[in-house]
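Report on the structure given below.
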Amino acid sequence: MYILAVETTGPLCSVAVLDDDRILAELRSLEQRNHLRDLMPLIKQLLDKCGIKKEQISYIAASKGPGSFTGIRIGVATARALAQALEIPAVAVPTLDAFCYKPAADKEKVTCGIIYARRGQVYGIVDGFMEGCACMLEDVLSVICDKVLPQGHRVCFYGDGADAYKDIISKRLSPEDYCIAPEEDRYQDAASVGLLAREMIKNGQAQEAGRLLPDYMRKAEAQQKLEDGSLKI
């Protein structure tokens, strides 16, 4: 069973192929925010590298959000189109949950994924303690301080929110209580999406391609301004 996984919600586009629970290969774009240009060539390069024909793919998984609004649309639309063309099921993978499936994660630390959403806001998850949601950074830190640390756990931060709010995090938490994942493993990646997709497939959560939809988790800033009257058109 081959799973093709697509990740476009973060700064770098990436694709991966899994054979059941084994990651066969993963490729990432070299430049940030070039998802539209890079995604399809990366998929072709990946399949060629693994010697897999597109007809051999059993499932296509896409990171559905939250994250970059444009990136989400590109990844979901591409995955849906491929799944429809190949007549195979699709898997809509929650981006925040995929942080908890990092292949290189330190299992002795609690995973905290935070995606930057400006003005103190994040899309955040604390594995086992807080489900993925749109919230304030302070909400995430409160969960860590009130629930995670008292149980003797340390936390490892992932996502670009760790970059944007590293000074605030360092003021709230002691150095011995947390770490920030290495840059090469800090952000969203297709391998994690594929590993979570595998579990979702086992739980019967694959679906027909037409039902693969994005999850922005909140309205775009322009839409919010339009609705509250602060955006003039």
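The values are calculated or read from the model by the stated rules, or taken from the named source; none is laboratory data. Please read these numbers as outputs of a predicted model, since none were measured by experiment. Cβ: placed from backbone, ideal geometry, glycine included. Neighbour counts: every protein chain shown. Surface accessibility is based on the protein's heavy atoms, side chains included, excluding ligands, DNA and RNA. Shrake-Rupley method; radii C 1.70, N 1.55, O 1.52, S 1.80 Å.
From the list A79, A83, pick out the single residue that is surrounded by 15 or more Cβ atoms within 10 Å (Cβ to Cβ), more than 16 Å from the chain's Cα centre (by Cα), small (G, A, S) and not in a strand (DSSP E or B). I'd like the intermediate steps shown before the answer.
On the way: A79 fails: more than 16 Å from the chain's Cα centre (by Cα).
Result: A83 is the single residue among A79, A83 that is surrounded by 15 or more Cβ atoms within 10 Å (Cβ to Cβ), more than 16 Å from the chain's Cα centre (by Cα), small (G, A, S) and not in a strand (DSSP E or B).
Within region 172-191, being of a type in the set (S, T, Y), surrounded by 15 or more Cβ atoms within 10 Å (Cβ to Cβ) and part of a loop (DSSP other than H, G, I, E, B) holds for one residue alone: Y187. Here is the figure for region 4-26: residues that are of a type in the set (A, V, I, L, M, F, W, C), outside any strand (DSSP E or B) and either buried (at least 24 other Cβ atoms within 10 Å of the Cβ) or modelled with pLDDT of 95 or more (or both) total 1. Assessment of region 142-164 against the conditions (acidic (D, E) and at pLDDT below 95) yields no matching residue. Apart from one condition, S68 fits all of (1) surrounded by 15 or more Cβ atoms within 10 Å (Cβ to Cβ); (2) touching a strand residue (DSSP E or B) at 6+ places or on another chain (Cβ under 7 Å); (3) not acidic (D, E); the exception is (2). Flag set for C133, criterion: farther than 20 Å from P182 by Cβ and either part of a strand (DSSP E or B) or open to solvent by less than 10 Å² (accessible area, probe 1.4 Å) (or both).
State whether one or more residues within region 114-122 are open to solvent by less than 30 Å² (accessible area, probe 1.4 Å), under 26 Å from L213 (Cβ atoms) and in a loop (DSSP other than H, G, I, E, B).
Our first condition is that a residue be open to solvent by less than 30 Å² (accessible area, probe 1.4 Å); within region 114-122, this holds for 114-115, 117, 120, 122.
Still in the running and under 26 Å from L213 (Cβ atoms): 114-115, 117, 122.
The next check asks that each one be in a loop (DSSP other than H, G, I, E, B); those that pass are 117.
Yes, region 114-122 contains at least one residue that is open to solvent by less than 30 Å² (accessible area, probe 1.4 Å), under 26 Å from L213 (Cβ atoms) and in a loop (DSSP other than H, G, I, E, B).
Residues of region 51-65 that are within 14 Å of V6 (Cβ to Cβ) and open to solvent by 40 Å² or more (accessible area, probe 1.4 Å): K54, Y59, K64. The set of residues in region 93-111 that are open to solvent by less than 10 Å² (accessible area, probe 1.4 Å) and in contact (Cβ under 8 Å) with a residue 60 or more places away in the chain comprises V93, T95, A98, F99, K102. Within the set D177, D215, the sole residue that is at pLDDT 95 or above, charged (D, E, K, R) and closer than 30 Å to L86 by Cβ turns out to be D215. Entry remark, region 27-50: residues being more than 17 Å from the chain's Cα centre (by Cα) and open to solvent by less than 60 Å² (accessible area, probe 1.4 Å) number 6 in total.
Okay, residues lined up against (1) of a type in the set (D, E, K, R); (2) under 23 Å from the mean Cα position of the chain (by Cα); (3) in a helix (DSSP H, G or I):
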residue: V140; (1), (2), (3): no, yes, yes
residue: F157; (1), (2), (3): no, yes, no
residue: D163; (1), (2), (3): yes, yes, yes
residue: S170; (1), (2), (3): no, no, yes
